[in-house]
Amino acid sequence: MIFVLGLLSLVVYALGVRAHDARHRRPISRWQIAFFAAGVTVVAVVLSPPIDALADASFTAHMAQHLALTMLAAPLILLGAPLRLALTAPPPRIARPIARALRNRLVVILTAPVLAWLAFVGVMWTTHLSGLYEAALEHEAVHIGEHALFLATALLFWYPIVGIGPTTHPFGHFARLLYVLLVMPQTAFLGLAIYQSRHVLYPHYLAARNPFGISALADQQAAGESMWIAGSLIMFVALLLVAADWARNDSRLAARIDTRLEAVPLGGSLLLSLAIAAIFAPSAASAQAASNATQVREGRNLYELRCSSCHGIHLRGSPIAPPLLGVGAATVDFWLETGRMPAMVPANVQAMHEPPQFSLEEINALVAYVTATSPGGPVIPIVANFGPGNLVRGRAIYAANCQACHGAMGQGGSVGYGYIAPPLYAASVTQVAEAIRTGPGPMPRFGPSVLSQSDLDAVVHYVNVLQTQQADPGGFNLANLGPVAEGFVAWVFGLGALVGVIRLIGSNA
Amino acid sequence: MIAKLMLWLDDRLGTSSFTSRAFRKAFPDHWSFMLGEIALYSFASLLATGIFLGLLFDASDTHQIYHGPYAPLVGVSVSGAYASTMRISFETQAGLMIRQIHHWSALLFCAAIVTHMARIFFTGAFRKPREINWIIGLTLLLLALGAGFTGYSLPDDLLSGTGLRIAASIAMTIPFVGVWIESLFFGGPFPAPQITGRLFFTHVFLLPSLIVGLIAVHMAILWHQKHTQFRGPERTESNVVGSPLWPNYALKSLGLGFASFAVVVILGGFFQINPIWQYGPYDPSLVASPAQPDWYVGWLDGALRLGLPIAVHIFGHTIPAAFLPGIVFPLVAFTLLYLWPWIERWITKDDRAHNLLDMPRDVPWRTATGAAILAFFLVTTLAASDDVQARLIAIPVETLTRVYQGLGIALPILAWFAVFQLCRELQARAIQRAMKDPRIVEYVRSPEGGFDEQQPTSVT
């Protein structure tokens, strides 16, 4: 039975891989296929009749079965990215309803990482500490249901950690580390609780003949130990992998910024760099044209899956979202890179800076698709890093054009009618330049006729100075909240401390 | 050594009879009597750091090219005031720290005065014979506010310049004479070139002299009238129970002084305040935003933000909407506070002198009224940063302003009734506690004519 199910899922997966490879430039990697196959195999093997029989007689074997199911099979299956495949492999006619289902409000709520974490931990504690476990041992139907529940919550739990595939819950690496870290004490404590119990928790095992020839209590202690040690070890490995992924992601991002910066010689004179840019920009563009076609195709697929339900087909817009005709590469890149799009609630809520939901390749593909379908609009600005002379000009431009909304320190401000000018600290240099050129939301747009390229470089440089806190020689900047924070500190820490002193040296009567 | 000095002084000035009496003067030990001293020591710190800053500050509006170490401003034309403040901050040994200590001391000075005043108000210490000191104290608060405002306006940066422009605009809202009054203070329509010199004179000479003088009078009157005290065993209207000035109280106070200096030095050394290099030099074509005044002016700024946009037209004259929150509100509020001792006497018909203090709970209506006044000032102060709050909690600033407008009406009323009720409950509980005292018994006369001793049963 379980083998049939396993085989069936492998066949469906293989069909999906073939369909994907036929449709897309980049084939599914061998590793991805191998992970999925390994995951399904683990499920099939541990749930196979001989192992199941063993688990029925020995708590330790049963624990090993559960651990393999929830901590090995689940992440392996997810590394195979089956959900992403479900979106990219079938024709849009089938993929679109799937995408819509994934955006369903209920699905979105139920897949929130916090809920997934609670479900995983909750199922783990309640099954072991309630009559459910004993019931599962006695009744086969309950047992199958329990295993399905374990696998389902484990898949939900591991999904944000693995971080591959479509998601409506962007989950940063730091959050992932915390998420895993917080599970470690759960498995450890439950394992220890089982280990330290002085009596057999599940009477079923007293009746069963132990296959390893040890007493039911000793078997139970071994089960507790394996949960404690194996659970912690696997989580520790997961921690290392998440950290490694974080580092890799960061260096990729840095590499991308570097290539953009290298496009213009650093420290050159304004005239020279403009001349070089004028010479090289067209030729660089023609060199890219060849690889562009596939990128555009990939971008269109992505657009149709993730964007078209609001922005309409062929970028034409819809009642709930503006058309994207002629918006330019900078606009698309800015909204996607700052995670403002795809928006969950596109209506009146101002989108804020979040981790991007697409990979860098996917963003590039979408940019390519939008600009190919509807040319024009601002290109992605290239920001050069000029000397300090330009900082003065940058400060002047910032004071005249930016600080009235974003604040003198770039701390952000509210601009009325529910809009806020966000703090500038999270944006990259390129993103700041893109925002200036494209004017996202209520922000005015500063085109090349208003701010020349050198003006742009200058103001971005000044924003970078504000971002890196090079301007705080006076100590802690109190979140750059100005007199508001200063007054608060004066009352609470200044007068508060001194009132504490006079309470000490004075009397109460 | 000290004894020798005392003898030397006594031989020439005959001081010993005064000092020996003074050293034995009794100071009440209750902690709340030291709030005023925190203000005093903050003022001492302000004077010490202010002398340093005053020697290095250049109160000129003449523009010059900035050539300091702060890169983003190199080559920019700035006023002498701004340039010298930048020089103090970046090129003077410990200059930035002294500047920051000065500013933190000012915030602490005003906070301590307000807290001290609240103590005086809620315990009824302003009653006869101390009305004069109440008036002097209130005047000191106003002078402190003025010194703070003129002080942070001196550097001629964009933030304080925005504040000055608001002040000039408020002055102009006064009917018929507003423009003249604005010119009287600013020397012409804003931005007038003489303003920094006038601010400097006001900030370093006029206001400090007045503050020093009034502090002296304040303390002389205090010395002459002697301290108030809370009720307690052996405390009457005609004595003062406490520790002698020397050595007990003087050493305590000295310790408090050191603690105050420590607090402002820690704040000044570790917490950046008023980074004028980030605000940039004042430019009349720009406006700082989000812009808040220092906290003690916040109530005025907040009132302006909450004021309704209703302009009145009479006799061909326009009275702008800002007149009501900007001029009438502070005038009414401070007149009310100045007259409070007489208002209270008019209500209570109590004309006696009081040296024993009230517990706040024992005069519920006064405590409730004070709480309502504080609540109103709290709302206006908080409203002054509504734009910052709107950003932090991500709700429209218009909504928040409406909320504060509502709170400005509701919170004082709510505070009045809540505090009134609270005082009554505390009173009842105090009586209850006293009734449980085993020394208190009730005598009940029996029908036979005898008396039975029993614990009190009910309290009304």
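Cβ-Cβ below 7 Å, separation at least six or inter-chain, first residue in segment B:163-178 and within 19 Å of B:Tyr152 (Cα to Cα), second hydrophobic (A, V, I, L, M, F, W, C) and part of a loop (DSSP other than H, G, I, E, B): which pairs?
B:Arg165/B:Phe190; B:Ala168/B:Phe190; B:Ser169/B:Ala322; B:Ile170/B:Ala322
From the residues in segment B:41-65 that are touching a residue at least 60 places away in the same chain (Cβ under 8 Å) and surrounded by fewer than 21 Cβ atoms within 10 Å (Cβ to Cβ), which one is nearest to A:Leu495 (Cα to Cα)?
The residue in question is B:Ala44.
Between a residue in segment A:42-55 that is without any contact (Cβ under 8 Å) to a residue 60 or more places away in the chain and outside any helix (DSSP H, G or I) and any residue that is surrounded by 16 or more Cβ atoms within 10 Å (Cβ to Cβ) and not basic (Lys, Arg), which pairs come within a Cβ distance under 8 Å, given they are 6 or more apart or on different chains?
A:Ser48/A:Ile2
Out of all the residues in segment A:202-214, is one or more without any contact (Cβ under 8 Å) to a residue 40 or more places away in the chain and under 17 Å from A:His66 (Cβ atoms)?
There is no residue in segment A:202-214 that is without any contact (Cβ under 8 Å) to a residue 40 or more places away in the chain and under 17 Å from A:His66 (Cβ atoms).
Look through B:Phe323, B:Phe261, B:Phe270 and report the one residue that is more than 26 Å from B:Phe90 (Cα to Cα) and among the aromatic types (Phe, Trp, Tyr).
When all the criteria are applied, what remains is B:Phe323.
Give just the number: which of (1) surrounded by fewer than 16 Cβ atoms within 10 Å (Cβ to Cβ); (2) free of Cβ contacts under 8 Å to residues at least 60 places away in the same chain does B:Pro129 not satisfy?
Only one criterion in (1) surrounded by fewer than 16 Cβ atoms within 10 Å (Cβ to Cβ); (2) free of Cβ contacts under 8 Å to residues at least 60 places away in the same chain is unmet by B:Pro129, namely (2).
B:Asn239: over 26 Å from the mean Cα position of the chain (by Cα), closer than 25 Å to B:Gly137 by Cα and either at pLDDT 90 or above or exposed (fewer than 15 other Cβ atoms within 10 Å of the Cβ) (or both), yes or no?
So B:Asn239 fits the description; yes.
Count, please, the residues in segment B:254-263 that happen to be touching a residue at least 60 places away in the same chain (Cβ under 8 Å) and more than 9 Å from chain A (Cβ to nearest Cβ).
2
For B:Pro284, are the conditions met, namely being more than 30 Å from B:Pro72 (Cα to Cα), assigned to a loop (DSSP other than H, G, I, E, B) and out of contact with any helix residue (DSSP H, G or I) (no Cβ under 7 Å at 6 or more places or on another chain)? Before the answer, list the steps.
Details: more than 30 Å from B:Pro72 (Cα to Cα): no; assigned to a loop (DSSP other than H, G, I, E, B): yes; out of contact with any helix residue (DSSP H, G or I) (no Cβ under 7 Å at 6 or more places or on another chain): yes.
No, not satisfied.
Which numbered condition trips up A:Thr430, out of (1) crowded, with 20+ Cβ neighbours inside 10 Å; (2) within 9 Å of another protein chain (Cβ to nearest Cβ)?
(2)
State which residue pairs qualify: first residue closer than 20 Å to B:Ala26 by Cα and inside segment B:210-222, second residue in a helix (DSSP H, G or I) and β-branched (Val, Ile, Thr) in any location, beta carbons under 7 Å apart, and separation of 6 or more residues or different chains.
Partner pairs satisfying both residue conditions: B:Val217/B:Ile136; B:His218/B:Ile136; B:Ile221/B:Ile132.
Need a quick list: helices (runs of 4 or more DSSP H) entirely within segment A:101-173 having at least 3 residues that are surrounded by fewer than 16 Cβ atoms within 10 Å (Cβ to Cβ) and not acidic (Asp, Glu).
A:105-110, A:113-129, A:140-162
Which members of segment A:430-443 meet the condition of being at positive phi and modelled with pLDDT under 90? Reasoning before the result, please.
Within segment A:430-443, the first condition is being at positive phi, and the residues that meet it are A:439, A:441.
Within segment A:430-443, just A:Gly441 meets the criteria.
Scanning for something assigned to a helix (DSSP H, G or I), surrounded by fewer than 21 Cβ atoms within 10 Å (Cβ to Cβ) and either of a type in the set (A, V, I, L, M, F, W, C) or away from every other protein chain (no Cβ under 14 Å) (or both), does segment A:458-477 turn up at least one residue?
Yes.
I need a count of the residues in segment A:7-31 that are under 20 Å from A:Gly299 (Cβ atoms), among the aliphatic types (A, V, I, L, M), without any contact (Cβ under 8 Å) to a residue 40 or more places away in the chain and surrounded by 12 or more Cβ atoms within 10 Å (Cβ to Cβ).
0
Can you name the helices (runs of 4 or more DSSP H) wholly within segment B:315-419 that have at least 2 residues being in contact with a Gly (Cβ under 7 Å, 6 or more places away or on another chain) and touching a residue at least 12 places away in the same chain (Cβ under 8 Å)?
Working: elements: B:329-348, B:364-383, B:386-393.
The helices (runs of 4 or more DSSP H) meeting that bar are B:364-383, B:386-393.
Would you point out which residue out of B:Leu308, B:Leu267 is under 29 Å from A:Ala479 (Cβ atoms) and touching a residue at least 12 places away in the same chain (Cβ under 8 Å)?
It is B:Leu267.
Could you tell me how many of the residues in segment B:269-287 are of a type in the set (Gly, Ala, Ser) and within 30 Å of B:Leu140 (Cβ to Cβ)?
Qualifying residue count, segment B:269-287: 1.
Which residues, taken from segment A:480-507, are facing chain B (nearest Cβ under 7 Å) and over 30 Å from B:Ser289 (Cα atoms)?
A:Ala497, A:Leu498, A:Val501, A:Ile502, A:Arg503, A:Ile505, A:Gly506, A:Ser507
Out of the residues in segment A:391-429 that are at pLDDT below 90 and among the hydroxyl-bearing types (Ser, Thr, Tyr), which is farthest from A:Val465 (Cα to Cα)?
A:Tyr417
Suppose we filter segment B:270-281 for residues that are at the interface with chain A (Cβ under 7 Å from one of its Cβ atoms), in a helix (DSSP H, G or I) and in contact (Cβ under 8 Å) with a residue 60 or more places away in the chain; how many remain?
Residues that pass the stated criteria total 2.
So is A:Ser449 at negative phi, more than 8 Å from chain B (Cβ to nearest Cβ) and either part of a strand (DSSP E or B) or not hydrophobic (A, V, I, L, M, F, W, C) (or both) or not?
The answer is yes for A:Ser449.
The values are calculated or read from the model by the stated rules, or taken from the named source; none is laboratory data. From a predicted model like this one, the values you see are computed outputs, not experimental measurements. Backbone-built Cβ (ideal geometry, glycine too); neighbour counts: all protein chains shown.
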